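The next block holds one structure in the form of C-alpha cells; read it before the comments.
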Amino acid sequence: MSGGPSASTALAELLEYARRHVPHYQSLVPPGPVTGENALAVLRRLPLLRRTAVRSERPRLWSAEGDARRWRRVHTTGTTGAPLEVVVDDAAQQAELAALVRHVRRHLGGPDGLSITHLTLHLASTSRASISPDPPDVALVKWNLSRAWQLPDDEFRAALEELRGKVITVMPSVMAALCDRLGPSSGAEPRLVVLSGEQFTDGLRERIQETFHCPVTALYTLAEAGIVAHECGESRTYHVEETGAFLEVVGEQGDPLPPGVVGDVAVTPLVNRAMPLLRYVNGDKGAWVDGPCGCRLPGPRLRLLAARTQHALVSEPNGRGVRRIDLAKLSRQLDLGVSRIVRDGDDVVVEHDDPHPATDLQRTTIAAALRSLLGADLTVRTRRTAGAPSAAGPPADPNPARPAFLPPEDIAAWAHGVLHDRPGVLAAVLTGSTLDPAAVSRFSDIDITVVIDDDPCQEHWYALAAAMNRHLATLRVNITEAAGPARSPLVACRLLAERHPVVGTLEEAGVTWPTAQVLANEAGFWTQNAESVLWTRLTAADRQRSDPVRDAWLASRFCLDALRYRLLCDGERVTAARHVLWRAQELGVPDAAGIRRAFAVGREHRPPPAPGSPEADGSLRTALACVRWLGRSL
C-alpha cells in the first residue's frame, strides 16, 4: 500500500470530507474522527468502487459543496464501451499538471519555459492552447492530428516539425500509428515523449526512439483519477505520486496483497473534492515491488501488468493480451463502434457495427494500437458485422452516422438514392471542403446543393432537407431554384468549379457563369462587410477567451474568398481552397505565408496558439490586410 505520513493525513481529510458532503459515502464512512493513524483502517472498511457503481451512483458521488460551474467533466470508457462521466475540480486539475511537470523536469533537468503538447487522433477531440498560471511559463497545447493525418505524406511530415524541441504526451496507440506511418526517422525530434493512458510493449518504446530520436518515459494515468504514478527510468517500475493518489493492490474482496502478489490496483485520488472516488478499481492489474529502487527515490513501487491469457479477449504466445477495457478505449479513441476482436488464422480481426466502413485513419490506428499491445508483426484487419446498417441506405436508428472523412463517392451515392426520382429535382451536386479531406476543419459542413423547378419555401422541401440532415452529422442541404445561385455570383462560381455530381447537371438546370463585372460588383460589397466583421473580431474586449482555431478558420475563409474574387475577376475559373491558397504569393497579396499559416491552424494541420497571443491575433490581422488588398485592387 502506498503512503507516508503526509499521504495518511491527506487520506484522513478526504474521508472526513466524503462523509460530510458526498451522499454516496455518508452511510459508508463510519462516524467518529478520522486521523492519520486510523485513516487506512477506515478506508479498508469501504467496499471497492467499481465502474458499474460509478455509472449507477454518479449523481450521489458528486459533492454537495463547491462551485459546480468550475468543475470539468471528464469522459472515459467503461468495459462495455459506454463512457463514464466524472467531474474534477480546479485543485485536481492543477495537481495533475504539477505531477506532469515534476516528471518532465526529472528527465530534462528542470528547464524553464517548458512547452508540452498532447497529441490525439480522436476525431471529436478539440485542439486548444493555454499558458499555465501555476507552475508559470508552461505552455500547454492539445493537438488533434486526425485532420493533419489526411495530408499527403510529405506535408504530414512537415506539419510534425512543429513538435521539434517540445515535450510530447500521447497514448501509446497514437504513437504506434505515427511510427507506422513515419518509419525509422520522422525528423520531428521532440525533447521527450511521455506515454500514458494505455499499456505498451518495450518494442514500441524502441520504435519511438528510432522514429523520433528522443527519450521515452511513461506515466500511469486514469482519466477519472489523473496521474497516479510515474515510471522510473532505472527499473521500469512505477513510483506512486503520493501527493495526489493513494494506491492499494487488493484481492477480489478488497483485501490487501503483499509485495509480489498480483491483484487489482485500487486508486483513491486525494485532491479532487468534486467527485471523490474511494478505492476505485478500473480493471488494471499490478503488484508491489519490494526493496529500494536503484534511482534512490523513496516510497512504494508498483509493477503494472498487461492482460494475461485468463483476462484477455485475444492473446499471444508471449503472454500479452487485449482486455475488454483496451477494446473500450480503442472504440472511444477512434469513434468506431468496435463490437469484438477475434482470431482468423494468424490474423486478428476487429469487428465493428458502424453504418459505414472504417476509414483509412481508423484502420491504420487500430492496427497500430493492437500491434503496440500484442507485437509488431501482427496482421490486423477490420470488418463490419453482418446486419450492420449501411451508410448508403436509411439509418436503422435516429442517431446520425458519423462522417469521419467519408469519401465523396459514398455521400454522393447515398444522396443519389434519395434524390434521383424526386419530382421537381433538376440537379444536385456535392461541393465544398468534403471533396478535399485536407481542407476539412471541425467547422466544416458537408454541402449538398439541390436545384429545383419549384418554390423551395414549400413545406415538402423543408421536410426533405430535414430528413437528409438527420442521416449525416454536419450535413447541410441547400435547396434552391435555378435563379438562386445567380443572386450570389461567388456561390455560382464555386458550384460550377467545385462539384461532385449527384443528379443531373447544373448547366442543364440553368446555372451559368457570372461575368467578371458582376463578380467585381459583388466583391466590392463583400469587402466592406468582411472588413467590418474582422475589425470587430480583432478588437473585441474578450480576446483572451477566444478560440484561436476558430479565429484562424474564420480568417482563412475570408482570405480564400478574397483570393477567389481576384482570380475570378481576372477570368480564371479556379475556386478550390488548396489551389487558390498556393496562388497567393504570385498575386502579390500581403503576407502570403501568414495566409497559409492561418489555413493550417484553422484545419488543425499545426498546433494552435494560445488565446490572445500575437500569433492568434496574427491570423485575423492577415485576413484584414488581405481583404483590404482586394478592395484596393478592384
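For the chain, a crude dipole built from +1 on the beta carbon of Lys and Arg and -1 on the beta carbon of Asp and Glu, taken about the Cα centre, is about 1040 debye to the nearest 20. The mean sequence separation of alpha-carbon pairs under 8 Å and at least six residues apart, normalised by the residue count of region 516-633, gives a relative contact order of 43 percent. With the Cα gyration tensor of region 88-164 giving a ≥ b ≥ c as the square roots of its eigenvalues, does the rule (a/c under 1.5 for rounded; else a/b larger than b/c for prolate; else oblate) give rounded, prolate or oblate? Because a/c hits 1.5 or more and a/b fails to exceed b/c, region 88-164 counts as oblate. Segment Cys295..Ser56, full-extension length gain: 81.8 nm, with 0.36 nm per residue of separation and the alpha-carbon distance subtracted. Distance between the pseudo-spin-label points of Asp134 and Thr243 (7 Å out from Cα toward the beta carbon): 1.1 nm.
Determine the sum of side-chain charges near Leu151: Lys and Arg each +1, Asp and Glu each -1, restricted to other residues whose C-beta is under 12 angstrom from that of Leu151. Value of the local net charge: +1. Spin-label pair His213-Ala540: with each label point 7 Å from Cα along the Cα-Cβ axis, the two points sit 4.2 nm from one another.
Taken about its Cα centre, region 516-633 carries a charge dipole of about 160 debye when Lys and Arg each add +1 at the Cβ and Asp and Glu each add -1 at the Cβ. Peptides 62-71, 37-46, 575-584, 536-545 ordered by packing proxy, namely the average of other Cβ atoms within 10 Å per residue, highest first: 575-584, 37-46, 62-71, 536-545. Using +1 at the C-beta of Lys and Arg and -1 at the C-beta of Asp and Glu, which of Ala576, Ile479, Val216 has the Cα lying farthest in the positive direction of the dipole of the chain? Looking along the dipole axis, the top candidate is Val216. Have a look at Gln544, Thr622, Val601 and report the one farthest towards the positive end of the charge dipole of region 516-633, computed about the Cα centre with Cβ charges (Lys/Arg +1, Asp/Glu -1). In region 516-633, that residue is Val601.
Of all DSSP bridge pairs formed entirely within the chain, close to 65 percent run antiparallel.
In percent, rounded to a whole number, the relative contact order of the chain is 12, using alpha-carbon pairs under 8 Å and six or more apart. Each helix, a run of at least 4 DSSP H residues, gives -39500 (n - 2.57); summed and divided by the residues of the chain, these come to -11500 deg cm²/dmol at 222 nm. Mean separation of Cα pairs under 8 Å and 6 or more residues apart, divided by the residue count, gives region 402-556 a relative contact order of 25 percent.
All other residues whose Cβ lies under 11 angstrom from that of Val289 are scored, Lys and Arg at +1 and Asp and Glu at -1, for a net of +2. For region 142-245, GluC sites (Glu not before Pro) are listed when DSSP marks them as loop and at most 13 other Cβ atoms sit within 10 Å of their Cβ; the list is Glu234. By definition, a body whose alpha carbon gyration tensor gives a ≥ b ≥ c is oblate when a/c is 1.5 or more and a/b is not larger than b/c, and region 519-634 fits this oblate description.
Taking every DSSP beta bridge that has both ends in region 408-509, the antiparallel portion is near 55%.
Protection proxy ranking of 561-573, 292-304, by the mean of other Cβ atoms within 10 Å over each peptide's residues and highest first, is 561-573, 292-304. For region 5-305, the antiparallel share of DSSP beta bridges with both residues in that region comes to about 65%. Local charge for Ala592 was computed over the other residues whose Cβ lies under 11 Å away, with Lys and Arg +1 and Asp and Glu -1, and equals +1.
Read-outs throughout are calculated quantities, based only on the coordinates presented, and are distinct from any laboratory measurement. For clarity, every value in this text was computed on a predicted model and none was experimentally measured. Backbone-built Cβ (ideal geometry, glycine too); neighbour counts: all protein chains shown.
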